[in-house]
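Undergrad: Could you have a look at this structure, given as structure tokens, before my questions?
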Amino acid sequence: MNDRINELLERIRNTHTELLNEIQNKQQQFYYYIQKKKIRFEPGIKQQHRYLAKPLLRYILDANLLNILTFPFIWLCLFPAVLLDFIVTLYQMVCFPIYGIPKVKRSDYLIIDRQYLAYLNLVEKLNCVFCGYFNGLIAYVREIAARTEQHWCPIKHAHALKTMHDRYQYFIDYGDANTYCDSLDSVRNRFQDLH
């Protein structure tokens with residue numbers, strides 16, 4: 001990989017870390033902290049949050065009728081999502097040890113914690129659980145797919161990608177036949193950054 005690409009990737013990693021740190025700094029601003037994986041609010045804050053929660057009946061009466069009618073279509077997605085979750089988890093449990101690929105830790109991707117916010121009503125909490133699960137699942141599946149792609153076909157695309165996964169940086173350039181023939185096994189097994 002050329003130096004310019006490495007430099008850009010390093011800047012992206014640093015910016016990503018900076019962004020995550022900035023998000024974590026919001027804990028002080030909104031009076032919460034995490035203790036042994038539990039989210040704790042400063043005394044009195046939860047009571048203020050409960051006061052701000054929109055009552056369920058008012059929430060439903062204020063909702064756009066078309067939004068209410070789309071509710072079943074959104075929640076229908078849950079069934080294939082759960083099936084996908086099961087299948088990709090089973091796939092990586094069986095195949096990754098055989099391929100020598102480090103397993104993806106599901107709990108690093110599926111973060112479901114917004115339902116503990118007292119300023120959300122029941123419908124909002126359920127929606128937040130759904131969104132946290134679904135988006136986390138997509139990220140989890142993408143990481144499993146990325147590691148699989150690195151093992152089986154670690155070649156960059158000729159066409160520009162809209163987005164790329166984190167493993168893509170290790171792939172062999174499109175059309176670089178010599179590197180492919182000489183380095184396929186080392187690229188296929190390059191997961192040291194995950195340990």
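Undergrad: For the condition in contact with a Phe, Trp or Tyr (Cβ under 7 Å, 6 or more places away or on another chain), over 21 Å from E149 (Cα atoms) and surrounded by fewer than 12 Cβ atoms within 10 Å (Cβ to Cβ), what is the one hit in L110, L52, L65?
TA: One residue alone meets the criteria, L52.
Undergrad: Follow-up question, since we're still on this one. Kindly establish whether Y91 is surrounded by 10 or more Cβ atoms within 10 Å (Cβ to Cβ), within 30 Å of R147 (Cβ to Cβ) and of a type in the set (S, T, Y).
TA: yes
Undergrad: Name the helices (runs of 4 or more DSSP H) wholly within the range 48-122 that hold at least 3 residues that are of a type in the set (F, W, Y)?
TA: Ranges flagged: 65-76, 78-99.
Undergrad: Within the range 25-44, is even one residue farther than 16 Å from R114 by Cα and within 21 Å of the chain's Cα centre (by Cα)?
TA: yes
Undergrad: Could you pull out the residue among E18, E22, E10 that is of a type in the set (D, E, K, R) and farther than 23 Å from L194 by Cβ?
TA: Residue meeting the stated conditions: E22.
Undergrad: Can I ask one more? In this structure, does A158 turn out to be surrounded by 13 or more Cβ atoms within 10 Å (Cβ to Cβ), among the small types (G, A, S) and either part of a helix (DSSP H, G or I) or modelled with pLDDT under 95 (or both)?
TA: It is false that A158 is surrounded by 13 or more Cβ atoms within 10 Å (Cβ to Cβ), among the small types (G, A, S) and either part of a helix (DSSP H, G or I) or modelled with pLDDT under 95 (or both).
Undergrad: Name the residue that is nearest to the chain's Cα centre (by Cα), counting only residues in the range 5-24 that are modelled with pLDDT under 85 and among the β-branched types (V, I, T).
TA: I23
Undergrad: Just to be sure before I move on: is V187 more than 21 Å from Y91 (Cβ to Cβ) and of a type in the set (V, I, T) in the structure I sent?
TA: For V187, the condition - more than 21 Å from Y91 (Cβ to Cβ) and of a type in the set (V, I, T) - is met.
Undergrad: Looking at (1) buried (at least 16 other Cβ atoms within 10 Å of the Cβ); (2) in contact (Cβ under 8 Å) with a residue 60 or more places away in the chain; (3) of a type outside the set (K, R); (4) assigned to a helix (DSSP H, G or I), find the lone condition where G132 falls short.
TA: For G132, the failing item is (2).
The values are calculated or read from the model by the stated rules, or taken from the named source; none is laboratory data. Note that the structure is predicted; figures quoted are calculated from it, not measured. Virtual Cβ from ideal backbone geometry, glycine too; neighbours counted across all protein chains shown.
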